Amino acid sequence: MTIKRLFPVLMGCLSLAGVAGASSDKIDPLVFARFGRGNEVSVTILCRSQLLDTPGGFARFCAENAARKRSELRTDVVGRLKALAANGEQEAVLKSIGDVAVDRHWIVNALTAELSPRTIEKIAALDEVKYIYAGFSPVTAPGAGRISEVIRPPKREPFRIGDRTVPWNLKGIGVPRVWEKKDNFGDGIVVAMLEHGVDYTHPDLRNNLWVNAGEKPNNGKDDDGNGLIDDYYGYNFRTGSCEVRATTAQQHHGTMTAGIVAGDGTGGTITGVAPRARLMLLSGSGVYAFQYALEQGADVLNMSFSIPYLGNGRGLWRLMAEHTVCAGLVLVSGCGNFQQKAEIPVQIRIPEGIPCIIGAGGVDQEMKVPSFCSLGPVEWASVKFYGDYPLPEGLVKPDVCAFPGAGYPLLGDAGEDYINNRRGNSFSSPHVVGVAALMLSAAPELPAWRIRELLEETANDLPPRGKDPRTGAGLVDAWAAVSAAEAAAHR
């Protein structure tokens, strides 16, 4: 950490002297660092009662629930999480902070608000408060907005490869064999894309949109009563709008990643690993996306982004992710492009550095790690409430690897069907997401954590031998992974 970045944290630590008693230990240094700016501070207040203990609660939950069906876990865990969020602890905090705008969460028993330093110090003394983190970005107040283009996906016929081109990256991870020998194209699986937008009008995507059956598009009403208006294809929590379509060059990133998951080849080239999966389109902070995806029935969630400098906030993300995986949502994230920009162990960030999230690294056609791909390991020993995975061994990441490009076709924009000159571990992640979709299409009731385990067990190991911090367990193998999922489902 540079002196410039360390200074605010040091100043925050020094300000602990101004807080009475043990409550000072419940305020994150990153929050203290913002006290001196004279403004209200965005914080996320973690309440005392949570589903999982840290750091070993996730492993215990998986062991105790190994034989349960994913659908049962979804209902049970979501119900338990919501019950915890309604146990009175959030109400005690609300009573103490008064009349301010608050976002209440249930994926973790927590609240997000912008509060004065005095109020933060006050609530830190409450027994109901476990810790106060620098806050999630608050959700923009839901507005009506409009969906720019409403597409009603046609009735599906059986998928056939026909004369469509299948590019080398899909062949390289064994996808065509799954299609041809198992007749598995990802049918029945919903993949949530957490992006800045997706051009869902692209010919190769428009037939694969998830639709919220409880909503009527563009009527300005919250038809299904979930608090969101016209969330027909998903929701943009960043803007508080139902519009999730990509409209800028920056947002085209989401079109490319979505194409690797489910591009169906209408334009002549099948870019999608699971060309019959449905795409749920989301934007904004992970806490809102996780909750929405679970409630609306998503099976897998892709996160092709990396967040640095979270400090202890990494632990808040980890608890949120562990609850989400327990509830049956497979989480996958690209491992980033920071080999030349950051030191180990911070090349791999959040969310990909979380143990229960499948971190996807990258190799090229020659099975070499490109110079931009982030390397592990990562550490958790410094993170409050965890303290595991100390260096030098740390937590080995990536978990598996795929192809980050360049050199294979991606969905184009502005009238282009395909482009092939982009690269980044953002594109490794949706390869793994697509394979997970194929696995769940074959074995829909496998617990979410089993998907990660089976992906690692069946990956094609690359030197050095065994799981390592360059290529993880190896190159993902769609055929072996789907076969293993089928076998696991019949045990």
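The values are calculated or read from the model by the stated rules, or taken from the named source; none is laboratory data. No experiment lies behind these values; they were computed from the predicted model shown. So basically every Cβ, Gly included, is an ideal-geometry build from the backbone, and we count neighbours across all protein chains shown. Ligands, DNA and RNA are stripped out before the accessible areas are found, and what is left, the full protein with its side chains, is counted by its heavy atoms. Shrake-Rupley method; radii C 1.70, N 1.55, O 1.52, S 1.80 Å.
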Q. Just one of the numbered conditions (1) surrounded by fewer than 19 Cβ atoms within 10 Å (Cβ to Cβ); (2) on the phi < 0 side of the Ramachandran plot is not true of residue 397; which one?
A. (1)
Q.
Looking only at the range 229-241, how many residues end up being in contact with a Phe, Trp or Tyr (Cβ under 7 Å, 6 or more places away or on another chain) and modelled with pLDDT under 95?
A. 1
Q. Does any residue in the range 461-487 that is within 22 Å of residue 330 (Cβ to Cβ) come within less than 9 Å, Cβ to Cβ, of a residue that is at pLDDT below 95 six or more places away or on a different chain, and which pairs are these?
A. 471/463; 471/464
Q. Among the residues of the range 438-460, which ones are touching a residue at least 24 places away in the same chain (Cβ under 8 Å), part of a helix (DSSP H, G or I) and among the acidic types (Asp, Glu)?
A. 456, 457
Q. Which residues, counting only those in the range 345-370, are part of a loop (DSSP other than H, G, I, E, B) and within 17 Å of residue 404 (Cβ to Cβ)?
A. 347, 348, 349, 352, 363, 364, 365, 366, 367, 368, 369, 370
Q: Mind listing whichever residues of the range 219-258 are on the phi > 0 side of the Ramachandran plot and touching a residue at least 24 places away in the same chain (Cβ under 8 Å)?
A: 220, 227, 230, 234, 240
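Results for (1) touching a Phe, Trp or Tyr at 6+ places or on another chain (Cβ under 7 Å); (2) farther than 22 Å from residue 436 by Cβ, shown as yes or no for each residue.
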{"site": "388", "(1), (2)": "yes, yes"}
{"site": "399", "(1), (2)": "no, no"}
{"site": "405", "(1), (2)": "yes, no"}
{"site": "410", "(1), (2)": "yes, no"}
{"site": "413", "(1), (2)": "no, yes"}
{"site": "416", "(1), (2)": "no, yes"}
{"site": "421", "(1), (2)": "no, yes"}
{"site": "425", "(1), (2)": "no, no"}
Q: Output the residue which, of all residues in the range 438-465 that are aliphatic (A, V, I, L, M) and farther than 12 Å from residue 486 by Cβ, is surrounded by the fewest Cβ atoms within 10 Å (Cβ to Cβ).
A: 462
(Q) Could you check the range 202-224 and list, in sequence order, the residues that are under 25 Å from the mean Cα position of the chain (by Cα) and open to solvent by less than 60 Å² (accessible area, probe 1.4 Å)? (A) 202, 204, 205, 207, 208, 209, 210, 211, 212, 214, 215, 224
**Q.** Spans of helices (runs of 4 or more DSSP H) in the range 70-181 with at least 2 residues open to solvent by 20 Å² or more (accessible area, probe 1.4 Å) and free of Cβ contacts under 8 Å to residues at least 24 places away in the same chain
**A.** 70-85, 89-97, 117-124
Q | Residues satisfying the stated conditions in the range 413-437, i.e. open to solvent by less than 10 Å² (accessible area, probe 1.4 Å), assigned to a loop (DSSP other than H, G, I, E, B) and of a type in the set (A, V, I, L, M, F, W, C) | A | 427
Q: Output the residues belonging to the range 437-482 that are farther than 22 Å from residue 193 by Cα and of a type in the set (Val, Ile, Thr).
A: 458, 471
Q.
For the range 293-301, check the following and say yes or no: at least one residue is within 27 Å of residue 200 (Cβ to Cβ), open to solvent by 10 Å² or more (accessible area, probe 1.4 Å) and in a helix (DSSP H, G or I).
A. yes
Q: Determine which single condition residue 354 fails, assuming it passes every other condition in (1) free of Cβ contacts under 8 Å to residues at least 60 places away in the same chain; (2) open to solvent by 10 Å² or more (accessible area, probe 1.4 Å); (3) within 16 Å of residue 456 (Cβ to Cβ); (4) β-branched (Val, Ile, Thr).
A: (2)
Q. Which of the following residues is under 17 Å from residue 338 (Cα atoms) and either surrounded by 22 or more Cβ atoms within 10 Å (Cβ to Cβ) or under 23 Å from the mean Cα position of the chain (by Cα) (or both): 383, 363?
A. 363
Q.
residue 374 - would you say it is modelled with pLDDT of 95 or more, among the hydroxyl-bearing types (Ser, Thr, Tyr), in a loop (DSSP other than H, G, I, E, B) and crowded, with 20+ Cβ neighbours inside 10 Å?
A. yes
Q: Could you list, in sequence order, all residues of the range 317-346 that are among the polar types (S, T, N, Q) and open to solvent by 10 Å² or more (accessible area, probe 1.4 Å)?
A: 337, 339, 340
Q | Positions within the range 256-292 being open to solvent by 10 Å² or more (accessible area, probe 1.4 Å) and polar (S, T, N, Q), in sequence order | A | 266, 269, 285, 291
(Q) Between 184, 218, 207, 169, which is in contact with a Pro (Cβ under 8 Å, 6 or more places away or on another chain) and among the polar types (S, T, N, Q)? (A) 207
